[in-house]
Amino acid sequence: MDQNILKQQAAEAALAYLPHDGIIGVGTGSTVNFFIDALASIKGRFEGAASSSEASSERLKAHGIQVVDLNAAGELDVYVDGADESNRHLQLIKGGGGALTREKIIAAASKKFICIADQSKLVDVLGGFPLPVEVIPMARSYVARELVKLGGRPVLREGFTTDNGNQILDVHDLEIMEPARFEMMVNQIVGVVTVGIFANRPADVLILGSEKGPQVIKLD
Ligand code: 5RP
């Protein structure tokens, strides 16, 4: 089955988890684009959205959905976002689209994190997808050397600048056996803005588009 159909299926299934009012947290990526399009069909039901990227903000506004500054929104009931990988504990790798910092901020500021993806994103061990790490540009080489010490092979994402004006190192060759610990270790490196492991704040619900329809995994 076409991957886009599975992404759209997961995105539309997420509508059932939305509150009946307030502000909705919205992530970034091709799966989230399907979610934003679906959100437009119920836009009278909520006040607006707090967005994790300029790209998502533009798409939301194009649908006539108000984009609200997170500082003005308070705690959000629900955040919906995609992922590059998830394990069965709903610990994620995110940042393939480079929006990991704002995504982590909105996830932290939300009561419930609903992750939407096609079934190919479910893995046993995180790390097959190169781990994105957002870095302050002047710290790039130092951080890369520290990441090599942790067993990775960092590669600069050429020609890419984040919405925050920083750069991304994509770290290859990792097999992340203890995601929460590894997240904290990378966070300790001076110059790292955000590491794309979402393990200390995992998703609460994972909706996977599949040939059999949406499969839902929830944390106990
Ligand atoms: C962006 C992200 C995305 O959620 C992740 O890359 C998944 O993208 P897609 O839905 O296009 O597969 O973390 O920074």
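The values are calculated or read from the model by the stated rules, or taken from the named source; none is laboratory data. Everything numeric in this text was worked out from a predicted model, so none of it was measured. Cβ placement follows ideal geometry from the backbone for every residue including glycine, while neighbour counts extend to all protein chains displayed. These area figures cover heavy atoms from the full protein model, side chains too; ligands, DNA and RNA do not enter into them. Shrake-Rupley method; radii C 1.70, N 1.55, O 1.52, S 1.80 Å.
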Problem - Label point distance in nm, residue 111-residue 184, each placed 7 Å from Cα along Cα→Cβ - result: 2.8 nm
Problem - the stretch 122-220 - charge dipole about Cα centre, Lys and Arg +1 at Cβ, Asp and Glu -1, debye rounded to 20 - result: 200 debye
Problem - Whole-number accessible area per residue in Å² for the chain, which is evaluated in the context of all protein chains at 1.4 Å - result: 45 Å²
Handout entry: Dimensions (Å) - the chain, Cα atoms, principal axes, largest first
Key = 50, 38, 31
Problem - For peptides 88-96, 160-168, sequence by mean Cβ density within 10 Å, most packed first - result: 88-96, 160-168
Handout entry: Binned Cα-Cα distance frequencies in the stretch 131-196 - 5 Å width, integer %
Key = 4, 19, 35, 26, 12, 4, 0
Practice task
Using only Cα atoms, locate the centre of the stretch 84-129 and the centre of the stretch 179-214, then give the distance between them in Å, rounded to an integer.
Solution key: 5 Å
Exercise for the section: Could I have the simple spin-label model distance between residue 72 and residue 158, label points 7 Å from Cα toward Cβ, reported in nm to one decimal? Expected result: 4.2 nm
Exercise for the section: For residue 216 and residue 15, calculate 0.36 nm times their separation in residues minus their Cα-Cα distance, and state this gained length in nm to one decimal. Expected result: 71.0 nm
Exercise for the section: Averaging sequence separations of C-alpha pairs under 8 Å and six or more residues apart, then dividing by the length of the chain, give the relative contact order as a whole percent. Expected result: 23 percent
Handout entry: Cα-centre dipole for the chain with unit charges at Cβ (Lys and Arg positive, Asp and Glu negative), debye to 20
Key = 180 debye
Handout entry: Candidate lysines - alpha carbon under 30 Å from residue 112, same-chain residues fewer than 8 apart omitted
Key = 7, 43, 61, 94, 104, 121, 212, 218
